Amino acid sequence: MNWGPQRVLIFLAILLCGLIGLSSLSYQLGLNGAASSLEIKLSSSLPEKIIGAGINDSHHELLNDFLVSRINQDLAFLPMSGYLNNIKYCQAQVQSLYGKTYHPPYSALRTITINWSVNEHPQTMSLALNCQHNWPLLLFSQFILALLLAILLISINKPVRGSNKQIVNILLAHGHPRSDAIALSTAANRCNAAQSQALNVVITKAPQHTAAILKFLDNGGFKNSSAEHLDWFRYGLQKHPECLDDAIHICMAPATLSLYLATGRVVIHGVDIKLPSTPFFYYFWYAQRRHQNTDNSEGWFINPPSNRADRNADIELIDLMQQYGGHYKAINDLEEKGLRAKTLDQNRSKIKDELCQVLGETLAAPYLFELERDPQTARFKYRLAIEPSDIVFFEHKSRFAPKAATASHT
């Protein structure tokens, strides 16, 4: 049982209320029991003694007062039997007899009425009952009962309803104790809309991580996440169903494009992707133009005419490939034929295929190409859609490169 501060306070409150309530109830029931028992006993014995004493005339006031005093003396101490009785003893005093009222020296806790008849004339006497309680025994016995009641009530789990019931069932299925499962499920009630969506993603795709995501969300995780973040989270869980931390890392990674020249790899939103050699250099070249705003073109490069190669831009690609180990065939092709529209189209298509194969079309789209028709040449021009500030270059492999899932391709 999880005895947190809140649960302890609830337990103590139940214990205190139970002690007060049970003690009051026991007090009243004790008085009722004593009054009922004495009424039965006195009804069977007291009238006979009164009749036997020969004092049956209500007009003999002095005799009646004497009778009352004797009755009061006889009933001044009435011990109660039983080891667990919370009443030590009682006393009864006459309140009324033969129509005359008397005033006992104490307030009546209960009233006993005794009826009999003399020569078919009904007679009535009322007695004021007062009792002395055994308070230590009463309080101790009711404390034990209140303690048992508090333990019973605090041990009863509240019924779980709605989505929380589903969460509890998932946690139970994965080995969590019921008390812990219920406590963890309450985190779902504190989630905002984005966090609830993230929780649903885990429940649907990787329910084994439900406990971990509930703790993460309760600490503020995904509180300000966008729909795009959640798309990346779904992707992360799909790629790393066994590791929630890796999925969260991909989701929370910066939306940047990092290019590592030394290894020919790119990292997109925390996902490490190995591109084939030649498409990588073309991707790097387009990224460099976008980032550096070459020729004030804002990264746009107009495809060369279909019948004539570009003999200026090809030098940039040749130098890049020669410096960082490009494929000799791609280098020779550029040296002999120049940069042709067909070559650019093929490599852009290859880049798109590779990124979409790893990320899917939706996630890859911001890191691919956008196109416009150039008004002067009527040819299409292309550039990377990503903002220049979100492009990062690494000439050497950095030990601080983002951690990510690796998807290699030959």
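Taking the criterion of being open to solvent by 40 Å² or more (accessible area, probe 1.4 Å) and either among the charged types (D, E, K, R) or closer than 30 Å to Gly326 by Cα (or both), the residues of the stretch 229-262 that qualify are Asp231, Arg234, Lys239, Glu242, Asp245, Pro254, Ala255, Ala262.
For the stretch 214-243, a residue qualifies if it is touching a Phe, Trp or Tyr at 6+ places or on another chain (Cβ under 9 Å) and either in contact (Cβ under 8 Å) with a residue 60 or more places away in the chain or aliphatic (A, V, I, L, M) (or both), and exactly one does: Leu230. Look at Thr186 and say whether it is exposed (fewer than 15 other Cβ atoms within 10 Å of the Cβ) and under 30 Å from Phe77 (Cβ atoms). Judged against the criteria, Thr186 is not a match.
Counting only residues that are assigned to a helix (DSSP H, G or I), hydroxyl-bearing (Ser, Thr, Tyr) and either open to solvent by less than 20 Å² (accessible area, probe 1.4 Å) or touching a residue at least 40 places away in the same chain (Cβ under 8 Å) (or both), the stretch 374-398 holds 0 of them.
Among the residues making up the stretch 300-327, those that are farther than 23 Å from Leu261 by Cβ and either part of a helix (DSSP H, G or I) or among the charged types (D, E, K, R) (or both) are Arg308, Arg311.
Just one of the listed residues (Ala309, Ala313, Ala365, Ala378) is closer than 24 Å to Ala227 by Cα and either small (Gly, Ala, Ser) or more than 54 Å from the chain's Cα centre (by Cα) (or both), and it is Ala365. Filtering Leu371, Leu363 for residues that are at pLDDT 95 or above and in a strand (DSSP E or B) leaves a single hit, Leu371. The condition of being acidic (Asp, Glu), over 30 Å from Pro177 (Cα atoms) and modelled with pLDDT under 90 holds for Glu61.
Restricted to the stretch 296-309, and to residues there that are closer than 18 Å to Leu371 by Cβ and out of contact with any Phe, Trp or Tyr (no Cβ under 9 Å at 6 or more places or on another chain), the residue that is least open to solvent (accessible area, probe 1.4 Å) is Pro304.
If the condition is being under 18 Å from Asn86 (Cα atoms) and β-branched (Val, Ile, Thr), then the stretch 8-26 contributes only Ile20. Please verify whether Leu46 is part of a helix (DSSP H, G or I), at pLDDT below 90, open to solvent by less than 40 Å² (accessible area, probe 1.4 Å) and in contact with a helix residue (DSSP H, G or I) (Cβ under 9 Å, 6 or more places away or on another chain), treating the condition exactly as stated. Answer is yes for this residue.
For the stretch 1-42, residues that are closer than 28 Å to His176 by Cα, of a type in the set (S, T, N, Q) and surrounded by 13 or more Cβ atoms within 10 Å (Cβ to Cβ) total 0.
The values are calculated or read from the model by the stated rules, or taken from the named source; none is laboratory data. This one's a predicted model, so the numbers in the text were calculated from it and none came from an experiment. Neighbour counts are summed over all protein chains in view; Cβ atoms, including those assigned to glycine, are modelled from backbone coordinates with ideal geometry. SASA here: full protein model, heavy atoms, side chains in, ligands and nucleic acids out. Shrake-Rupley method; radii C 1.70, N 1.55, O 1.52, S 1.80 Å.
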